[in-house]
Amino acid sequence: MSVNILLPAITGLLGALIGFLASIVTSVIQSRAEHRRERIRLAVQLTIEQHRIWADVDKANGRESQAPVLTLLSYFDTLSEMADGREISPDRLVKQYGRFMQMRDTLEELRAADPG
């Protein structure tokens, strides 16, 4: 076979291979983005329901309810770890609880510093 026939054939094969690999990479990236959106949507739904329950309990006890952002971040962390295949161990829960409490304290400091 001459070079005139092989060069276009090899070029065509390489182009097809690059196109195939690009479509696989695009699919993987889109799939990961969709999974992340789904985790966020689920975390928001869980947060809304949990916040409704806690707000009712706080109202019945005469307390101010907590900021839902704390619950949202807690649910999102847990769902992300589950989606990544990480085990939800007692150590991880303690770490998440510590982060939750630190963020709650920060929000309370910001509320106390806000004159309005």
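Points to keep in mind about this one:
- Among the residues of the stretch 66-73, at least one is more than 11 Å from the chain's Cα centre (by Cα), part of a loop (DSSP other than H, G, I, E, B) and surrounded by 13 or more Cβ atoms within 10 Å (Cβ to Cβ).
- Residue in the stretch 33-44 that is out of contact with any strand residue (DSSP E or B) (no Cβ under 9 Å at 6 or more places or on another chain), of a type in the set (Gly, Ala, Ser), without any contact (Cβ under 8 Å) to a residue 24 or more places away in the chain and assigned to a helix (DSSP H, G or I) present: yes
- Pairing each residue of the stretch 65-85 that is touching a residue at least 60 places away in the same chain (Cβ under 8 Å) and within 15 Å of GLN45 (Cβ to Cβ) with any residue that is of a type in the set (A, V, I, L, M, F, W, C) and open to solvent by less than 60 Å² (accessible area, probe 1.4 Å), provided the two are 6+ apart or on different chains, yields no C-beta distance under 8 Å.
- Test: residue in the stretch 79-87 that is outside any loop (DSSP other than H, G, I, E, B), charged (D, E, K, R) and open to solvent by 70 Å² or more (accessible area, probe 1.4 Å): no
- From the options THR47, THR11, residue that is over 19 Å from ASP84 (Cβ atoms), touching a residue at least 12 places away in the same chain (Cβ under 8 Å) and in a helix (DSSP H, G or I): THR47
- Between ASP58, ASP91, the distinction of being within 20 Å of MET103 (Cα to Cα), exposed (fewer than 11 other Cβ atoms within 10 Å of the Cβ) and modelled with pLDDT of 80 or more belongs to ASP91 only.
The values are calculated or read from the model by the stated rules, or taken from the named source; none is laboratory data. Predicted, not measured: the structure shown is a model, and the values here were computed from it. Positions of Cβ are backbone-derived with ideal geometry, glycine not excepted, and every protein chain shown enters the neighbour counts. We work out accessible area using only protein heavy atoms, side chains counted, and drop any ligands, DNA or RNA first. Shrake-Rupley method; radii C 1.70, N 1.55, O 1.52, S 1.80 Å.
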